[in-house]
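> The structure under discussion is supplied below as structure tokens; questions concerning it will follow.
The values are calculated or read from the model by the stated rules, or taken from the named source; none is laboratory data. Bear in mind that the values here come from a model prediction, so they are computed numbers and not experimental data. Backbone-built Cβ (ideal geometry, glycine too); neighbour counts: all protein chains shown. Please note that ligands, DNA and RNA were not included when accessible areas were found on the heavy atoms of the full protein model with its side chains. Shrake-Rupley method; radii C 1.70, N 1.55, O 1.52, S 1.80 Å.
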Amino acid sequence: MLTDKPRQGYWCECWTEDIGDASHPTLHGSFDAYSAPQADRWVAVALRTITPALDPDACDEAWAWLYEGRIATRQALLRAEPCTVTVTHVGTRITWTIRPVLFLPLAHRQGIELPPCAYDFKPQQPD
């Protein structure tokens, strides 16, 4: 839905990190959700998708969140509190973050086309 007013929502990200390495976490995906159910559903779908490939401990962590932790996550999101969901598979930590945000409309946006200024942005490389 296009609007010219700011809109409340949730910014969701999925990060992985090699816990035996000093390197920075790697961003694998992000999602803009406009409701708490939509935000926690994004994490739930990802977890259900990867559980067959997880080691038994990580699989248990995933299903524990899906069965019990998801309720607490949803309640926290409805209180506008940020949330994280983490599972550790072998030596990799997978973390989903969900943060309440205020989405601002883009200036001069025409339909699905981005404004020219969007292409001027260059993401900063981590140190």
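> Please identify every one of the chymotrypsin sites (Phe, Trp or Tyr not before Pro) in the range 1-88 that sits in a loop by DSSP and has no more than 15 other beta carbons within 10 Å of its own beta carbon.
Those that pass, being in a loop and sparsely packed, are TYR34.
> Measuring from label point to label point, each 7 Å out along Cα→Cβ, what is the LYS5 to LEU27 span in nm?
2.9
> Here's a follow-up. How far is it, in nm, from the label point at ARG99 to the one at ALA80 when both lie 7 Å from their Cα along the line to the Cβ?
Distance between label points: 1.6 nm.
> Roll a 1.4 Å probe over the protein chains and send me the accessible area per residue for the range 66-105 in Å².
Computed with neighbouring chains in place, this is 59 Å² per residue.
> So if each residue of separation counts as 0.36 nm, and I subtract the Cα-Cα distance between ARG41 and ALA53, what length gain in nm does that give? Each step should come with its number before you reach the end.
Values: separation 12, 0.36 × 12 = 4.32 nm, distance 1.96 nm.
Stretched out fully, the ARG41 to ALA53 stretch lengthens by 2.4 nm.
> Moving on to the next point. Within the set of other residues whose C-beta is less than 12 Å from the C-beta of LEU102, count the net charge using Lys and Arg as +1 and Asp and Glu as -1. Walk me through the numbers on the way to the answer.
On the way: positive: LYS5, ARG7, ARG99; negative: ASP32.
Summing Lys/Arg as +1 and Asp/Glu as -1 gives +2.
> Tell me the net charge near LEU27. Cut-off is 13 Å between Cβ atoms, LEU27 excluded, with +1 for each Lys or Arg and -1 for each Asp or Glu.
-2
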